[in-house]
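Student: I am attaching a structure below and will ask some questions about it afterwards.
The values are calculated or read from the model by the stated rules, or taken from the named source; none is laboratory data. All of these numbers come straight from a predicted model, not from anything done at the bench. In this analysis, Cβ positions are derived from the backbone assuming ideal geometry, glycine residues included, and neighbour counts consider all displayed protein chains.
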Amino acid sequence: MTVGQINEQMSAKELTEWMIFYSIEPFGPAREDYRAALQCSIAASAVGAKAQPHDFIKPWSFAEEQQARLEQQEQERFTRQQEAQMAILKAMMGASNGKT
């Protein structure tokens, strides 16, 4: 929902009530991550591990995500180049051995 839509469809009173509710019972992706981490820590504790929810939450950074994506793309490009070079080398070796 955009800010304009909120202004049209929600009163200031209702928005304030939602803000109060969020301060009491947070919701959204960060809270979902915490709940999943809590379940993981409970499961780990059930088998004897000493784990806390924060042990299962990886800090998220947009810059780190972008960097990881760029590194993955570079690795894939490098792998394709290696495969192409190997194909050329095999073709050359086959030609020099009288195979085609």
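Student: Filter the range 49-59 for residues that are outside any helix (DSSP H, G or I) and at pLDDT 90 or above; which is surrounded by the fewest Cβ atoms within 10 Å (Cβ to Cβ)? I'd like the intermediate steps shown before the answer.
Tutor: Within the range 49-59, the first condition is being outside any helix (DSSP H, G or I), and the residues that meet it are 49-52, 57-59.
If we keep only those that are at pLDDT 90 or above too, we end up with 49-52.
On the way: 49: 11, 50: 8, 51: 16, 52: 12.
Ranking the candidates gives 50 first.
Student: Evaluate the following for residue 14: is it loosely packed, with under 10 Cβ neighbours inside 10 Å and of a type in the set (Asp, Glu)?
Tutor: Working: loosely packed, with under 10 Cβ neighbours inside 10 Å: no; of a type in the set (Asp, Glu): yes.
No: the conditions fail for residue 14.
Yes/no matrix, rows are residues, columns are (1) of a type outside the set (A, V, I, L, M, F, W, C); (2) within 30 Å of residue 41 (Cβ to Cβ); (3) more than 15 Å from the chain's Cα centre (by Cα):
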residue: 61; (1), (2), (3): yes, yes, no
residue: 65; (1), (2), (3): yes, yes, no
residue: 76; (1), (2), (3): yes, no, yes
residue: 80; (1), (2), (3): yes, no, yes
residue: 87; (1), (2), (3): no, no, yes
residue: 92; (1), (2), (3): no, no, yes
residue: 96; (1), (2), (3): yes, no, yes
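Student: Can you tell me which residue among 46, 87, 91 is among the hydrophobic types (A, V, I, L, M, F, W, C) and either surrounded by fewer than 10 Cβ atoms within 10 Å (Cβ to Cβ) or touching a helix residue (DSSP H, G or I) at 6+ places or on another chain (Cβ under 7 Å) (or both)? Break it down into steps so the answer makes sense when it comes.
Tutor: On the way: 87 fails: either surrounded by fewer than 10 Cβ atoms within 10 Å (Cβ to Cβ) or touching a helix residue (DSSP H, G or I) at 6+ places or on another chain (Cβ under 7 Å) (or both); 91 fails: either surrounded by fewer than 10 Cβ atoms within 10 Å (Cβ to Cβ) or touching a helix residue (DSSP H, G or I) at 6+ places or on another chain (Cβ under 7 Å) (or both).
That would be 46, the only listed residue that is among the hydrophobic types (A, V, I, L, M, F, W, C) and either surrounded by fewer than 10 Cβ atoms within 10 Å (Cβ to Cβ) or touching a helix residue (DSSP H, G or I) at 6+ places or on another chain (Cβ under 7 Å) (or both).
Student: Is it fair to say residue 36 is modelled with pLDDT of 90 or more, on the phi < 0 side of the Ramachandran plot and more than 16 Å from the chain's Cα centre (by Cα)? If you could, list the steps in order and put the result at the bottom.
Tutor: Values: modelled with pLDDT of 90 or more: yes; on the phi < 0 side of the Ramachandran plot: yes; more than 16 Å from the chain's Cα centre (by Cα): no.
Here the answer is no, as residue 36 does not meet what is asked.
Student: Which residues, counting only those in the range 31-51, are over 26 Å from residue 21 (Cα atoms) and of a type outside the set (D, E, K, R)? Walk me through it before giving the result.
Tutor: In the first step, residues of the range 31-51 are kept if they are over 26 Å from residue 21 (Cα atoms); the result is 40-51.
Across the range 31-51, the qualifying residues are 40, 41, 42, 43, 44, 45, 46, 47, 48, 49, 51.
Student: Output the residues belonging to the range 15-36 that are among the β-branched types (Val, Ile, Thr) and either closer than 26 Å to residue 56 by Cβ or not in a helix (DSSP H, G or I) (or both). Even if it seems obvious, please write down each step before you answer.
Tutor: Going residue by residue through the range 15-36, those that are among the β-branched types (Val, Ile, Thr) are 16, 20, 24.
Across the range 15-36, the qualifying residue is only 24.
Student: In contact with a Ser or Thr (Cβ under 8 Å, 6 or more places away or on another chain) and either without any contact (Cβ under 8 Å) to a residue 12 or more places away in the chain or acidic (Asp, Glu) (or both) - does that describe any residue in the range 37-54?
Tutor: The first filter runs over the range 37-54 and keeps only residues in contact with a Ser or Thr (Cβ under 8 Å, 6 or more places away or on another chain), leaving 51-53.
Pick out the ones that are also either without any contact (Cβ under 8 Å) to a residue 12 or more places away in the chain or acidic (Asp, Glu) (or both) and you get 51-52.
The answer is yes; a qualifying residue exists.
Student: I've got another one for you. Mind checking whether some residue in the range 60-78 is at pLDDT 90 or above, basic (Lys, Arg) and outside any helix (DSSP H, G or I)?
Tutor: Scanning the range 60-78, I find no residue that is at pLDDT 90 or above, basic (Lys, Arg) and outside any helix (DSSP H, G or I), so the answer is no.
Student: Now a separate question. Which residues, counting only those in the range 46-75, are among the basic types (Lys, Arg) and farther than 14 Å from residue 33 by Cβ? Spell out the reasoning first.
Tutor: Initial filter on the range 46-75 (among the basic types (Lys, Arg)): 50, 58, 69.
The answer is 50, 69.
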